[in-house]
Amino acid sequence: MAAFEPLVALYAKATSEAETDARKSAATELAEAIKGQGVATIMSMALPAKVMASLGEAKNVAAREGAVFVVHELHKALGLHAEPYFMLVLPALVERYDDKVKGVAAAVDACLMAFFQAVNPYAAATLLPHLFTGMSTISWKTKVGCLKLLGALAHTAPTQVGQLLPEIVPKVTENMWDTKPEVKQAAKSSLGECCTVIHNPDVQPIVPVLISANANPKENVTALDRLMGTTFVSQVDRPTLAIIVPVLGRGLRDRDVQMKRKCCVVVDNMCKLVCDAKDVEPFIDKLLPELKRVEEEVPIPEIRAYGAKAKATLVKAIKDGGGKVPAEFE
């Protein structure tokens, strides 16, 4: 342990100096020293535990801000090699978005944003649960911070976010209905950034309308009309379905039978161009039960026929793509 005493002393300096610049300077020196000795030093000196302990010191601003500086400087010095260790302290950092001291909150924002803008794209699925936890907290500042990070992740890992969009859209949509205007705006902006991963040329022009419909159910009719007017000629993939299915699900549950008809027509047209069952798999539970209800429960024979046709097309798309259809929908 004696070999790490200089490093431990530097950490103590980074989390105790009275001046911000002095703490930042000590953090930079510590990061460079760790880089020189090798990344294994991080665990040998129990740095993640020290950082989490410092972040939890409610009455010690220097400790909290200094710990953030250490993590940030370490990421700057080590890059991708720091990621596994960064993940250990990520939940504690996210909590500090709500720090009462603006300087600490600003340092957290800078640290996390830099991390998310440079993170390995394949870490996206691992990062999402941390963001979703932050989005569901009471703190509106934490919600806004996590929504911004998600928007950044969409540009860092577009392919991965595209595949994860079925999970992302419902979580972000919940925040669109938040009582705090800052959260609403951040959620709408975040979903807009996430939807930049949608490359279907048929749907791209109406993505803003679909986002608005997710934010405001009253705009669902407008979105459905735009979808009705869309000629689907390109392959419909998972990211495309992720933003469309919530609108269709809401329309299928609507009492208005004409809304149900429109949804059935869109499902029928759209699902003919689904080539992979994995793309539609996340939405089976959202669409098939509703289409079955239309087919069996709507009193107007014409609308029931639309429901039966849409359901048959969706079932065919799932089977043709190599997927399995639940027995009750066969």
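Quick check: pseudo-label points 7 Å beyond the Cα along Cα→Cβ at VAL265 and LEU80, how many nm apart are they?
5.0
Can I get the semi-axes of the stretch 1-104's equivalent ellipsoid? Compute them from the C-alpha gyration tensor as square roots of 5 times the eigenvalues, in angstrom, largest first. Numbers along the way, then the final one.
Details: eigenvalues 82, 46, 29 Å².
Ellipsoid semi-axes (Å, largest first): 20, 15, 12.
Is the C-alpha gyration tensor of the stretch 102-210 telling us rounded, prolate or oblate? Criteria: a/c under 1.5 is rounded; beyond that, a/b larger than b/c is prolate, otherwise oblate.
Since a/c reaches 1.5 but b/c is at least a/b, the shape of the stretch 102-210 is classed as oblate.
Could you give the angle, 0 to 90 degrees to the nearest 10, between helix 181-194's Cα long axis and the longest principal axis of the Cα atoms of the chain?
Here the helix axis deviates by roughly 70 degrees.
Using label points projected 7 Å from each Cα along Cα→Cβ, tell me how many nm separate ASP320 and VAL257, to one decimal.
With each label point 7 Å from Cα toward Cβ, the separation is 3.0 nm.
With viscosity set to 1.567 mPa s and temperature to 4 °C, compute the Stokes-Einstein D of the stretch 165-250, Rh being the Kirkwood radius across alpha carbon pairs; µm²/s, no decimals. Show your work: numbers first, answer last.
Working: Rh = 12.9 Å.
For the chosen part, D equals 100 µm²/s.
Could you give the nm distance between label points at THR196 and GLU296, where each point is 7 Å from its Cα heading toward the beta carbon?
The modelled label-to-label distance comes out at 4.5 nm.
Report the gain in length on full extension from ALA58 to GLU167: 0.36 nm times residue separation, minus Cα-Cα distance, nm rounded to one decimal.
Between ALA58 and GLU167, full extension yields 35.9 nm more.
Suppose only helical runs count, i.e. DSSP H with n ≥ 4. What mean residue ellipticity at 222 nm does that imply for the chain under -39500 (n - 2.57) per run, divided by all residues and rounded to the nearest 500 deg cm²/dmol?
Details: 18 runs with 239 residues, N = 330.
Helices in the chain give a 222 nm mean residue ellipticity of -23000 deg cm²/dmol.
Do any trypsin sites (Lys or Arg not before Pro) in the stretch 242-330 lie in a loop, going by DSSP, with at most 10 other beta-carbon atoms within 10 Å of their beta carbon, and if so which?
Here the trypsin sites (Lys or Arg not before Pro) that fit, given the DSSP loop and packing criteria, are ARG255, LYS324.
What FRET efficiency comes out for the pair MET113/LEU273, r = Cβ-Cβ distance, R0 = 41 Å, nearest 0.05?
Computed FRET efficiency for MET113 and LEU273 comes out at 0.65.
How high is the relative contact order of the chain? Use alpha-carbon pairs under 8 Å, at least six apart in sequence, and give a whole percent.
Computed value for the chain: 10 percent relative contact order.
Between TYR122 and THR222, what's the calculated FRET efficiency when r is the beta-carbon distance and R0 is 25 Å? Round to 0.05.
0.10
Between helix 5-14 and the chain, what is the angle of the helix's C-alpha long axis to the longest principal axis, kept within 0 to 90° and rounded to the nearest 10?
70
Calculate, in nm to one decimal, what MET43 and LYS286 gain on full extension: separation in residues at 0.36 nm each, minus their alpha carbon distance.
Answer, rounded to one decimal: 83.0 nm.
If you build the Cα gyration tensor of the chain and take the root of 5 times each eigenvalue, what three semi-axes come out, in whole angstrom, biggest first? Please report the intermediate quantities before stating the final value.
On the way: eigenvalues 478, 77, 43 Å².
In descending order the semi-axes read 49, 20, 15 Å.
Which value, in Å², gives the accessible area per residue of the stretch 175-240 when a 1.4 Å probe is used on the protein heavy atoms? Don't jump to the answer; show the numbers that get you there.
Working: 3040 Å² over 66 residues.
Here the residues of the stretch 175-240 average 46 Å² of exposed surface.
Regarding the stretch 50-111, what's the average projected area of the Cα-atom convex hull, expressed in nm²?
Average of the hull's projected areas for the stretch 50-111 equals 3.6 nm².
How much length is gained if the chain between GLU29 and HIS155 is pulled fully straight, taking 0.36 nm per residue apart and subtracting their Cα-Cα distance, in nm to one decimal?
Stretched out fully, the GLU29 to HIS155 stretch lengthens by 42.2 nm.
Determine the alpha carbon to alpha carbon distance for each of LYS100/LYS218; LYS141/LYS311; LYS180/LYS292; LYS260/LYS324; LYS188/LYS316; LYS148/LYS272 and list only those over 32 Å.
Long pairs (Cα-Cα over 32 Å): LYS100/LYS218; LYS141/LYS311; LYS180/LYS292; LYS188/LYS316; LYS148/LYS272.
Report, to the nearest whole %, how much of the accessible area of the chain belongs to carbon and sulfur atoms, 1.4 Å probe, protein only.
Carbon and sulfur together cover 55 percent of it.
Over all alpha-carbon pairs of the stretch 219-330, lay out the pair-distance distribution in 5 Å bins, whole %, shortest bin first.
Pairs per bin, as whole percents: 2, 13, 26, 26, 20, 10, 3, 0.
Calculate the FRET efficiency for PHE329 and LYS102 from the Cβ-Cβ distance with a Förster distance of 56 Å, rounded to the nearest 0.05.
After rounding to 0.05, the efficiency reads 0.55.
The values are calculated or read from the model by the stated rules, or taken from the named source; none is laboratory data. Because the structure is predicted, anything quoted here is derived from the model rather than measured. Methodologically, a virtual Cβ is constructed for each residue, glycine included, from the backbone with ideal geometry; neighbour enumeration extends over all protein chains shown. These area figures cover heavy atoms from the full protein model, side chains too; ligands, DNA and RNA do not enter into them. Shrake-Rupley method; radii C 1.70, N 1.55, O 1.52, S 1.80 Å.
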